[in-house]
Every structure is written in C-alpha cells, then in structure tokens.
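Taking it in order: structure first as structure tokens, then the write-up.
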Amino acid sequence: MSGHEGPNIYHLLDSNVPPKPLEIPIVESRILDLVHRISELRKLEEELERHRAILSPVRRVPREVLGHIFTFLQPFAYGEEVRNSAGRKELVGLSLVCKLWHDATLFTHELWTGLQIKPRHTIETFKSVEAWFSHTGSLRRRLQYDGWHLVDFEAFTDRPRLFENCGLSPTREPGPCLLATSVLPHLLTSGPLLDHLTLMCSTTDANANARPWDTLRSLSLQFRSVIYQWNVPFQPTFSPHFAHLPFVESLKIHLPSDLNEFGEDEEYDVSRLDLGIPRSLIEHLTDLTIHCTWSIPHLLKLLQYCTNVKTLIIDMQHLGRAQWDLENIPFVQQYLASPLVLPNLLTLRIRESRNVNLLQVLKAPQLVSLDIEMFPRNPVKDEELPVPVATFLEQSSCAPSFRSFRLGTCIIDAEQLFMILSILPSSLATLTLDTLDVDLWCLCDLLKILDTARRGNDLCFPNLKKLEILKVPLGHQLDSVVDYIKSRGPSSKFQFVASYRMGEQRVLKEKDIQDSLRFAGSGVNVSVKLPD
C-alpha cells in the first residue's frame, strides 16, 4: 500500500489524523485516479463475462433440444393443447429473444399444432391462421372454436363482436350464427387439413352444415346451453346439428347440464331424448366420449351401434341416474334381459357418477381396462357400485384380456371394496385405488383372510405388476398395506406406488417402507410421494 500512496500521505491511511491543507489536493487526486482505475477494471470485468458467455453450455444447446424445452411451456385452453391469445404472444416473445431461439421455435413443429379461434376471428384473419399452421410441418393440427367466452379482446383482429348468441334463444329473435360468420367455415373449405376440431357452441342450435371437414380424424362438440323446440313433442334441437357431422374416428360430446331439469319432470318422457347422431357415424367410431346428465335410454341408443368403439368414456357430471326408474320402457327392458354387447371395447371409463348401474346392461368380452370415478357425496350402496361391477365382469367373461382396474373418489365400506377386488380376474396387472375413503386395515385383513383360505396356493392378484394407493386421506396410514404385502411372502415382485392427500406429522415414507419390505424379504419396488 505504501508503494502506491507515496510517503507524504502514508501516515494518514492508518490513522485518524486530519490532513493538512497541502495534503488535501494530493488525496483528492489519488481518489480520482483510483476511481478511474476501478472503472477500467469494471469494463474489463464486463468484457471478461462476455468472453465467458461465448463458452457457455447454454449457447451450445442444440436447436432441437431448446425447442423441446419450449414444448413444456405449451398452454392448455379448456383442457386442450391449443394456444389462445396469451399463448400465442408467449410463443412469439420466445422467438424474439435471439436468432437461436427464433430458429428453435420455428423448427419445433409441436409448438404450432394447436390453435384457438373465437367468433371475432372473421374471414379477414384467414391468412394469419393459415400462416400459423404453416409451421406445423407434417404433424396433426388441432383447432378449437370457442363460442362460449364472447367477452374477448384477445384476437387477431380488432373487429368488434357482432352478435350475442347463435341462432334462437327463448328470449331473442333469430339472428346470425356466430360460428357461420367466423373464419371457421372458410378454414374448413380452403384452409390446411385438420386432424382434430373442437366446437364450443353457445347453444345447441348453432349451424354445422359445412361439409368440407371430412378430412378430420377427431371432433369435439361442446355446448353451453340448450335450445328447445316449444312444440309437441317437446324436444331439444339436436338432430339438425348432428346430421352433418363428418365420419371421424374419435368423437367427444359435451352436453349442457340444463337438460337435467327436464329429466326430473314427471310429465316429460326422458326416453324420447335423442341426439340424432347418424348410425353410420357411430359405427365408424373407435373412441367415444360423452359428458351428460341425461338418463340411460339415450346412452343405450348410442351404444347399440358402437360396434367398433375401443375406448368409451362416460362422464355423468355428478348426476348419474339409475335405469331402474325407467325399467318399464321397452327399449331398456330388452337390455335388462339380454345385455348390450360392445364387441371391440378395450377401455371403459365412467366419471363423476353417483352409481354405475349402466354396467348391468352392458357386456364387453374383450375388455382390458375398467376405470370408475364416483361422485363422493355419500357412501356408496351395494346396488350402486359393487353389484353392478360384479354383474358386468361376470357377464362380460373378459378374464383372458382384463389387465387394469381403477376406482377413484369414492366413499366405500371395506367389505364393499373387498367384494369388488375379490371378483377381479386373476389376469389383473394394474390395480389403482385413488382418493378413496376406506378403512385400509379392515380391507387388508379381509385380503389376508382370503389368501389364508386359499392356503397360499392362489394369492389374490397373482399376476399383479403395479399396485397404486393414491391420495391416502387424513388419518389413514399405509401400515396395513405394507403388512399385507409382507404377508404375501417373497414371491411378490410388483411395483407399489403410494401418495398422501394431505401432510401429517406421521407418515410412512418411502425409505421406511423399503426398509420394512427388504427386511421381510419382499421383492416389491416402492415409490411414495409426499404432499407438497
């Protein structure tokens, strides 16, 4: 330090002695010199960082890898992989960071495969939509028309909204259809080929007469409200809408819940409800998803022609109904006597239903997977779940093909769940119990008793490869499940996956279970997820 400051001010650096008048200019000059040198060092430091950035691993990330990372930012609009206005701006923003990011976004075709349009996107936006889809390469394109959320300023155009609703409504005069006045008809006629189209129509009276959509493989129709024909017989206006549907392989229909009001009307014959989907279209389907609160007859009218359907999803939207109040209807009676056969059905999923009585009139001889998710308002009764499942599996005779069973969101007695598990085919490979309110100790004790009665020669689930106990509720533990696994002996070598619904002070963690099973000689592989 003394070599730099000079002897004339050295004594000031390590003391509190005030400088003399003649020393002050020397100190000030030295300060300016140091400030200058520090400034130069900072410039060198910035230059150093710029040179280090040249060698940064991020700069050497291949364009393809960077593009793959961008796909994890893919937004979802109403459950579908399509980009709305916010998602489009986000993607464009990524492309403006640098040339590498620009190239990564353009050449990652997955980023451009899904697009949402709205009624305000008129024919003037055709070129913009076409340009967007030009980046998809040979990948399948998905288009979502959102006619529900009309208060929207997220558009390709600033043109104001023209109409409030599609077609008729109980309080308005007939008016132009938003769907018909949007860019959608022109896209279907002259635009790029689409693989999947979702129509979210504000009412069931929207105009779907355009036919240039026959290249579609998958179609989703979602309705917010119903337009009724106020004549005799009383009927929702569905038939004209569905008469012009293309011959797709996958069809998803989301019916409005206000139809349920008329199912409660004693004077209204719900057996007359009919979507009017052409038989030829239904016979062409391999995947069918229907969200509705209607009663059983309309489902049977659809299912009787589902000869090629492999995946069937029925979402009752909290309001599943029994068919027994309709047992006097001849159309239902025939299937109570002789179940309706779905010859190619591989996967059946039932969602948010208060019962699964529909299963008692179905038969699926090739079934591979059964997935049931209840609406857990009250504990289930025998006639609402165990009996229909047992009847369905018995009359389906699907043991050679059956591999997977899932039961979710259900309040169920241990003996009822045991009844279901004990009749599952021995070919079962995956068993999932998800968000169940059940006494696991009692259930596992019943399974142990059954295994003991069989004297260990034919354990429950002998071909099990994966057992999932997910979202275990507050106050329940996995101890009983671990004890049951240990009781099966060292021959059990499946994967055990578990998770907790809520955090507790005491939970069996993954290492605890692994150590316990390893000590018992079990070959089961364990994975436990703790709540966040």
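The values are calculated or read from the model by the stated rules, or taken from the named source; none is laboratory data. Only a predicted model underlies this, so the values are computations on that prediction, with no experimental measurement involved. Virtual Cβ from ideal backbone geometry, glycine too; neighbours counted across all protein chains shown. Accessible surface areas use protein heavy atoms only, side chains included; no ligands, DNA or RNA. Shrake-Rupley method; radii C 1.70, N 1.55, O 1.52, S 1.80 Å.
Couple of notes before you dig in:
- Full-extension gain in nm, S190 to A131, via 0.36 nm per residue minus C-alpha separation: 19.9 nm
- Ranked by the mean number of other Cβ atoms within 10 Å of their residues, highest first, the peptides 11-21, 516-526, 359-369, 106-116 fall in the order 359-369, 106-116, 516-526, 11-21.
- Counting Lys and Arg as +1 and Asp and Glu as -1 over every other residue whose Cβ lies under 13 Å from the Cβ of L73, the net charge comes to 0.
- Shape call, region 372-429: gyration tensor on alpha carbons, a/c limit 1.5: prolate
- If R0 is 35 Å, the Cβ-Cβ spacing of H109 and F247 corresponds to a FRET efficiency of close to 0.85.
- Distance between modelled label sites at I38 and T311, nm, 7 Å Cα→Cβ extension: 6.5
- Karplus 3J(HN,Hα) series, Hz, for region 34-48 with 6.51 cos²θ - 1.76 cosθ + 1.60 (x for Gly, Pro): 5, 4, 5, 5, 5, 4, 5, 5, 5, 5, 5, 5, 4, 5, 4
- A full extension of the chain between L100 and E81 corresponds to an added length of 4.4 nm, given 0.36 nm per residue minus the alpha carbon distance.
- Among S492, S128, the order of accessible area from largest down is S128, S492, computed with a 1.4 Å probe on protein heavy atoms.
- Taking 0.36 nm per residue of sequence separation and removing the Cα-Cα distance, the I9/W148 pair yields an extension gain of 42.0 nm.
- Members of K493/K529; K252/K471; K363/K471 lying beyond 26 Å, as alpha-carbon distances in this model show: K252/K471; K363/K471
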